[in-house]
Amino acid sequence: MKESALKELYLKELRDIYDAEKQITKALPKMVKAASSTELRRGFEMHLDQTKNHVSRLEQIFESLDESPKGESCDGMDGLIEEGSDIMDEDMDAEAKDAGLISAAQRVEHYEIAAYGTVRTYANILGDKKAALLLQETLDEEKQTDEKLTSLAEGINIKAAAARASD
């Protein structure tokens with residue numbers, strides 16, 4: 001019985017992260033437009049391509065399980081994206097806006113890292129080794145994106161502080 005309950009939870013969590021990834025594919029183009037740093041724009045564009053691959057991997061998993069990816073709404077991601085939208089709507093220096101966009105993007109990455117780590121573990125426990133490998137691949141990419149954002153933030157945050165100091 002436990003495996004059945006865990007499998008139901010696994011499917012629910014996979015559907016949740018699938019919806020989250022779909023939301024991210026809609027939000028990233030807006031973040032690209034809002035970013036003033038060329039490097040940050042490029043990073044968002046790269047992550048958009050990765051995110052489309054994440055959706056595709058999830059669809060492969062659902063297909064192998066003979067399940068539909070539809071049915072869950074990721075309220076957590078909805079909230080994180082709303083916070084990012086608020087930053088884009090703020091009237092602030094370009095450098096400060098970029099710093100805020102990085103902050104919002106890292107919150108999204110941390111949410112995804114937690115979600116993918118969880119479903120990867122469920123896949124391993126349930127013996128779905130192929131899904132576990134696909135989920136690990138995505139988890140690794142999410143961690144790399146977070147590291148890239150941290151690296152970008154180091155320079156952009158300094159520029160934001162300097163722009164503020166010169167006002």
| message | Where the second residue is among the β-branched types (Val, Ile, Thr) and part of a helix (DSSP H, G or I) and the first is at negative phi and touching a residue at least 24 places away in the same chain (Cβ under 8 Å) and lies in segment 69-95, which pairs have Cβ atoms under 8 Å and are six or more apart or on separate chains? | response | Cys74/Ile17; Met77/Ile24; Met77/Val108; Leu80/Val108; Ile81/Ile24; Ile81/Val108; Gly84/Val108; Glu95/Ile156
| remark: Exception for Asp128 within (1) over 14 Å from the mean Cα position of the chain (by Cα); (2) modelled with pLDDT under 95 falls at (2)
| Considering residues of segment 76-92 that are over 13 Å from the mean Cα position of the chain (by Cα) and either buried (at least 16 other Cβ atoms within 10 Å of the Cβ) or of a type in the set (Phe, Trp, Tyr) (or both) only, the residue farthest from Lys33 (Cα to Cα) | Ile87
| field | Criterion violated by Ala99 - all others in (1) free of Cβ contacts under 8 Å to residues at least 40 places away in the same chain; (2) among the aliphatic types (A, V, I, L, M); (3) crowded, with 20+ Cβ neighbours inside 10 Å satisfied | value | (1)
| query | Out of segment 48-68, which residues are hydroxyl-bearing (Ser, Thr, Tyr) and either under 25 Å from Gln144 (Cβ atoms) or assigned to a helix (DSSP H, G or I) (or both)? | reply | Thr51, Ser56, Ser64
| Among the candidates Ser73, Ser68, residue that is surrounded by fewer than 16 Cβ atoms within 10 Å (Cβ to Cβ), within 20 Å of Ile24 (Cα to Cα) and touching an Asp or Glu at 6+ places or on another chain (Cβ under 7 Å) | Ser73
| request: For segment 121-129, indicate whether the set of residues that are within 23 Å of Glu8 (Cβ to Cβ) and among the polar types (S, T, N, Q) is non-empty. | output: yes
| request: Please enumerate the residues belonging to segment 42-58 that are farther than 16 Å from Ala105 by Cα and among the polar types (S, T, N, Q). | output: Asn53, Ser56
| query | Of all residues in segment 51-65, which are loosely packed, with under 14 Cβ neighbours inside 10 Å and hydroxyl-bearing (Ser, Thr, Tyr)? | reply | Ser56, Ser64
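The values are calculated or read from the model by the stated rules, or taken from the named source; none is laboratory data. Note that the structure is a prediction, hence the values are computed from the model and not measured. Please note: Cβ atoms are built from the backbone with ideal geometry, for glycine as well, and neighbour counts cover all protein chains shown.
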